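Everything on this sheet refers to the single structure shown next.
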Amino acid sequence: MGVGCALATNTQGRERPATPLSTLVDPMSRIAHFIGPCDLDARLASIPKEPGSGTIVLVESIDKGNALPFHRQKLVLVLSAMRHFAQTLREAGHDVEIVQAQSYVEGIQRHVTRHGSSGVIALRPRDVGIEASLRKADFGVPLTLLDDGGPGGHFLLTRAEFTSWAKDREHLRMDVFYRWMRRRMDVLMEGGKPVGGKWSYDKDNRKPVKGDVAPSLPRYPPDAVTRGVMSEVSKWSKGWGNIEGFGWPVTREQAMHALAHFVSERLALYGDYQDAMVEGEPFLWHACIAPALNLGLLHPTDLLDAVLEAYRAGAAPLNAVEGFVRQVLGWREFIRGVYHERMPGLREANRFQADVPLPDIFWDPERTEMACVRDAVRSVRDHGYAHHIQRLMVLGNLGLLLGIRPLDLSHWFWAGFVDAHEWVELPNVHGMALAADSTFTTKPYAASGAYIKRMSNHCRGCVYDVKTKTESNSCPFNSLFWDFMVRHREELSRNPRLAMLLRTWDKWSDEQQSAIRDRAAHVRDSLQPAAKDPVFGAWSFHDDAG
Ligand code: SF4
């Protein structure tokens, strides 16, 4: 769906047929252009190209800030990036207002009233709850919501293009989608075939770190604007994580610098070490660019252009470049499409009927002695960030094996990660990490401690023994893994590889099996639910607030 066939609502919030944008926008009129917190890109169709063709409003929504116990660095990142972007637009001559209001709707309404606006234009918000609240609102003037993908959008595909791809497919498979995108966009293709002969080099991207030392991540010291936001956020009663050490890019210039630094310093080994973990090393060779990308400071084409140029120049190998392209052109677009296809049901997805409340170790890493989990949660607490494999194979894996309620873990990821927004974390947590939605995952990413030992150095310094399953100091992942397999035997044995694994279980004696399940029960019982903690238990989560 392009700009010319944007959906619109009337003043009562009912959807009405598409109207060409050209007939809605009089360049001389007082159209209010609403810029959402993730729309910080002057190239978006919702932002006037010339000063004088309407006003611009950004809203700092109090309800959104309080919707979840957001990481303090995330609040700083979003507010600082918004204020810097507003400043950039002002310097370009635009009439820009930042409104602090209870909600986005209230902020837009105040701007419309104050400026006598004749209409409101915005990009469709990423989160369905915010889009619903805008559509329901009556601003007294027409509201036009433009597609957030395709030309003038924030994604490569329009929503209609993804829907058309997904239509009539019983299962949505990322590998199928990815091949379709590579062909469609002619990326890493040669004579209609994938460059190098393979679509994916994932198998080459599973090396543990041996000897190499990751370059340090560029950090951007807070300027006066960011320091002002930090001072405000540090006074908020609700919020989690350390604010000290904030250094995420908050402007497009900083984001482009971070991207260039990644390409020149880390991309070459990004593929090799994509799945590696090293104690005390939160960033390794990862791009760490998603926080800026998801706010609009970068566009996906910025990332693709940069890495493809490096590949053409011989500065990065194919396994690294293909692995990165797969994340941007494949996984990110796929996840965003799945979110809109599967909402609102995705929030309720719970294929394994998981009902364990989130343990307090997710909020306080010092409450666990599991070295791998502690290191990952410390990273989130200190930076609002943990890398891909910590998310999936440590934190997500623990959630899956314990049977944590999907929405509990999803809320934690959403609140705690600087790059997380519902459109991206919900399909990743419910779909990929917890396999709670079977429409787009084949088999769960369940693993015992052996996987973590192979890919990291965590186990060397851990009080638990990664080689045992039943002893009182045995690695919790080991007994939990088998307990999970057995509890969901019927479902999992439909997968041939998992069925084979279950045959191993069947060979063990009754005593061995009972000892493993007893150990798993002990591990589960020893984890305190965060809901019982006086601090964490008092926190509230409002998915659609804002
Ligand atoms: Fe993690 Fe188990 Fe290794 Fe400890 S022994 S670091 S808990 S995998």
Q) Which condition does Asp63 not pass, out of (1) without any contact (Cβ under 8 Å) to a residue 24 or more places away in the chain; (2) open to solvent by 20 Å² or more (accessible area, probe 1.4 Å), if it passes all the others? A) (1)
Q: From Ala260, Ala276, Ala292, Ala255, grab the single residue that is surrounded by fewer than 17 Cβ atoms within 10 Å (Cβ to Cβ) and hydrophobic (A, V, I, L, M, F, W, C).
A: Ala260
Q: Name every residue in region 473-512 that is more than 16 Å from the ligand (Cβ to nearest atom), open to solvent by less than 20 Å² (accessible area, probe 1.4 Å) and in contact (Cβ under 8 Å) with a residue 40 or more places away in the chain, in order of residue number.
A: Leu492, Leu498
Q. Right, Asp63: part of a loop (DSSP other than H, G, I, E, B) and in contact with a Gly (Cβ under 6 Å, 6 or more places away or on another chain) or not?
A. no
Q: List the helices (runs of 4 or more DSSP H) that sit entirely inside region 410-499 and contain at least 3 residues that are touching a Gly at 6+ places or on another chain (Cβ under 8 Å) and at pLDDT 95 or above.
A: 476-487
Q) Within region 190-208, is there a residue that is over 29 Å from Trp412 (Cα atoms) and in contact with a strand residue (DSSP E or B) (Cβ under 7 Å, 6 or more places away or on another chain)? A) yes
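Condition first: among the aliphatic types (A, V, I, L, M) and not in a strand (DSSP E or B). Now tell me which residues in region 66-97 satisfy that. Walk me through it before giving the result.
Step one: list which residues in region 66-97 are among the aliphatic types (A, V, I, L, M), which gives 67-68, 75-79, 81-82, 86, 89, 92, 96.
Ala67, Leu68, Leu75, Val76, Leu77, Val78, Leu79, Ala81, Met82, Ala86, Leu89, Ala92, listed by residue number.
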Q) Exactly one of (1) touching a Gly at 6+ places or on another chain (Cβ under 7 Å); (2) over 28 Å from Glu190 (Cα atoms); (3) of a type outside the set (Phe, Trp, Tyr) is unmet by Pro357. Its number? A) (1)
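In region 99-119, how many are within 14 Å of Lys64 (Cα to Cα) and part of a helix (DSSP H, G or I)?
If we filter region 99-119 for residues that are within 14 Å of Lys64 (Cα to Cα), which is where we start, we get 99-107.
The next check asks that each one be part of a helix (DSSP H, G or I); those that pass are 104-107.
Number of matching residues: 4.
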Q. Given the structure, is Arg219 basic (Lys, Arg) and open to solvent by less than 70 Å² (accessible area, probe 1.4 Å)?
A. no
Q.
Leu172 - would you say it is among the aliphatic types (A, V, I, L, M), more than 30 Å from Glu341 (Cα to Cα) and surrounded by 16 or more Cβ atoms within 10 Å (Cβ to Cβ)?
A. no
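Here is a list: Lys443, Lys467. Which entry is more than 8 Å from the ligand (Cβ to nearest atom) and more than 17 Å from His171 (Cα to Cα)? Before you say what the answer is, go through the steps one by one.
Details: Lys443 fails: more than 17 Å from His171 (Cα to Cα).
Matching residue, one of Lys443, Lys467: Lys467.
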**Q.** Contacts under 9 angstrom Cβ, first residue in region 336-365 being free of Cβ contacts under 8 Å to residues at least 40 places away in the same chain, partner surrounded by fewer than 16 Cβ atoms within 10 Å (Cβ to Cβ) and of a type in the set (D, E, K, R), 6 or more apart
**A.** none
Q.
Tell me yes or no: at least one residue of region 120-137 is aliphatic (A, V, I, L, M), assigned to a loop (DSSP other than H, G, I, E, B), within 22 Å of Ala224 (Cα to Cα) and open to solvent by 10 Å² or more (accessible area, probe 1.4 Å).
A. no
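Do you know which of the residues in region 513-525 that are in contact with a helix residue (DSSP H, G or I) (Cβ under 9 Å, 6 or more places away or on another chain) and open to solvent by 80 Å² or more (accessible area, probe 1.4 Å) is nearest to Val356 (Cα to Cα)? Don't jump to the end; show me each part of the working.
The first filter runs over region 513-525 and keeps only residues in contact with a helix residue (DSSP H, G or I) (Cβ under 9 Å, 6 or more places away or on another chain), leaving 513, 515-524.
Restricting the remaining residues to those that are open to solvent by 80 Å² or more (accessible area, probe 1.4 Å) gives 517-518, 522.
Details: Arg517: 17, Asp518: 17, His522: 14 Å.
Step by step, filter region 513-525, then rank; the result is His522.
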Q) Looking only at residues in region 369-384 that are open to solvent by 10 Å² or more (accessible area, probe 1.4 Å) and assigned to a loop (DSSP other than H, G, I, E, B), which one is nearest to the ligand (Cβ to nearest atom)? A) Met370
Q: Counting only residues that are β-branched (Val, Ile, Thr), give me the helices (runs of 4 or more DSSP H) lying completely in region 251-337 with at least 1 of them.
A: 252-265, 300-312, 318-325
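The values are calculated or read from the model by the stated rules, or taken from the named source; none is laboratory data. Only a predicted model underlies this, so the values are computations on that prediction, with no experimental measurement involved. Every residue, glycine as well, gets a Cβ built from its backbone with ideal geometry; the counts of neighbours run over all protein chains shown. Only protein heavy atoms, including side chains, enter the accessible area calculation; ligands, DNA and RNA are left aside. Shrake-Rupley method; radii C 1.70, N 1.55, O 1.52, S 1.80 Å.
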